[in-house]
């Protein structure tokens, strides 16, 4: 006689899959838009099969109504989206840094296709975004993502109400920290731009006949990209450390 899963097991597996699928669809590295949705859902389904024996222990009983089942699935999906969105929002710090550097080096109009977004962005933003994905994979931060998934069932168990207030506060805090970090990462180029613009302004005042624009623009581009290239190592290390601290909140 064949062995079949009980209704309670199917319900618990559905709740686990709802949270994992929502999280995987937004998770940096795995949840990028250039990865087909079927691949992401297959990965979430594989994680569900792997983690179900552990994560389903605290699953509630099957609600008596269809609306109760729907609300339980929606709640788990919302928790997964919340965690995935927080991890995704922090990636914007690299985009902010790239935009600031592009503006300061007169490369703001140099647009290129961004494989992580639906619309093109500046070349430096795209470069830093791809560098962030590479750092996540090479420094094993994606392993911490998996740990955060398991830990989320301790922070947000099946029986806990949806923490809307805490999620809102954490999202605002993450956005502000991401913007501040992006400005800090672009700090060397911003400092160079400030000094360079002051110097060119003084030269323009002392020598009004001198065509300062035709000299300052290529020189600022050369110096800005040079400083940006020299600071890439520091940018990567600082960003990875900050990202590790963020993931530590969930793991």
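Taking only the C-alpha atoms, wrap a convex hull around the range 128-251 and report its volume per residue in Å³ as a whole number.
It is 119 Å³ per residue.
Given springs between every Cα pair under 10 Å in a Gaussian network model of the chain, which of 201, 187, 84 has the largest fluctuation?
Answer for the Gaussian network model of the chain: 201.
GNM, the chain, Cα, under 10 Å: largest mean-square fluctuation among 55, 41, 219?
Of the options given, 219 has the highest mean-square fluctuation.
What number, rounded to the nearest 500 deg cm²/dmol, is the helix-based mean residue ellipticity at 222 nm of the chain, given -39500 (n - 2.57) per DSSP H run of at least four residues and division by all its residues?
The helix-only estimate for the chain comes to -25000 deg cm²/dmol at 222 nm.
Roughly what percent of Cα-Cα pairs across the range 7-248 reach past 24 Å?
That fraction is 55 percent.
Starting with the fewest neighbours, write out 79, 30 ranked by other beta-carbon atoms found within 10 Å of each beta-carbon.
Lowest to highest Cβ neighbour count: 30, 79.
So what is the relative contact order of the range 3-120, in percent, for Cα pairs below 8 Å that sit 6 or more residues apart?
For the range 3-120, the relative contact order is 37 percent.
Springs between alpha-carbon atoms under 10 Å, Gaussian network over the chain: tell me which of 136, 86, 39 tops the mean-square fluctuations.
Judging by the Gaussian network model, the answer is 39.
Over the chain, what relative contact order in percent results from Cα pairs under 8 Å that are six or more residues apart?
Relative CO of the chain lands at 23 percent.
Roughly speaking, what is the centre-to-centre gap between the range 45-113 and the range 145-176 when only Cα atoms are used, to the nearest Å?
Using only Cα atoms, the two centres lie 10 Å from each other.
Pop a pseudo-label 7 angstrom from the Cα along the beta-carbon direction at both residue 217 and residue 230 and give the gap in nm to one decimal.
For residue 217 paired with residue 230, the spin-label model returns 2.5 nm.
Here, each number is a calculation from the coordinates, and none is a lab measurement. None of the values given here were measured: they were computed from a predicted structure. Every residue, glycine as well, gets a Cβ built from its backbone with ideal geometry; the counts of neighbours run over all protein chains shown.
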